[in-house]
Amino acid sequence: MATLTKKDIIDEIAIASGLERKEATEALDGFISIIKEELAKGGDVTLSGFGKWQVRQKHARRGRNPQTGEELTIAPRKVVTFSLSQVLRSELTKGK
């Protein structure tokens, strides 16, 4: 199964909407920019029928360097998680 790239998505948008490739590129870049900005502010992004991106805070924790076995503290950090909507989850499990 091949990876869907940004170029592939732009091509599909251009075909489906009748937009020029440049316009489709601007639309996708704008869409991605909006999502990035909202996540950077700590907000959630929900696309109905698709899923939800959330920024979560991970606390500091103890870890171990796998090469040396040395114990260390992993610093607190923010991570982005994605949860599937029930609609998409059921679409993906239909083929099983």
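The values are calculated or read from the model by the stated rules, or taken from the named source; none is laboratory data. Quick caveat: nothing in here was measured; it's all calculated off a predicted structure. Virtual Cβ from ideal backbone geometry, glycine too; neighbours counted across all protein chains shown.
Quick notes on this structure:
- Annotation note: of Thr25, Thr81, Thr68, Thr93, the sole residue that is modelled with pLDDT of 95 or more and surrounded by fewer than 12 Cβ atoms within 10 Å (Cβ to Cβ) is Thr81.
- For segment 55-74, the count of residues that are of a type in the set (Gly, Ala, Ser), in contact with a Leu (Cβ under 9 Å, 6 or more places away or on another chain) and outside the structural domain of Phe31 (by TED's automatic domain parsing) is at least one.
- Scanning segment 6-23 for residues that are in a helix (DSSP H, G or I) and aliphatic (A, V, I, L, M) turns up Ile9, Ile10, Ile13, Ala14, Ile15, Ala16.
- Some residue of segment 40-57 being more than 30 Å from Gln86 (Cα to Cα) and without any contact (Cβ under 8 Å) to a residue 60 or more places away in the chain: no
- Scanning segment 71-88 for residues that are of a type in the set (S, T, N, Q) and within 11 Å of the chain's Cα centre (by Cα) yields Thr81, Ser83.
- Any hit, segment 48-70, residues being under 21 Å from the mean Cα position of the chain (by Cα), in a helix (DSSP H, G or I) and among the small types (Gly, Ala, Ser): no
- Here the condition is being of a type in the set (Lys, Arg) and surrounded by fewer than 10 Cβ atoms within 10 Å (Cβ to Cβ); of Lys58, Lys41, Lys36, it holds for Lys41 alone.
- Members of segment 25-41 that are over 21 Å from Thr5 (Cα atoms) and assigned to a helix (DSSP H, G or I): Glu37, Glu38, Leu39, Ala40
- Every residue from segment 1-39 that is within 13 Å of the chain's Cα centre (by Cα) and either of a type in the set (A, V, I, L, M) or more than 24 Å from Leu84 (Cβ to Cβ) (or both): Ile32, Ile34, Ile35, Leu39
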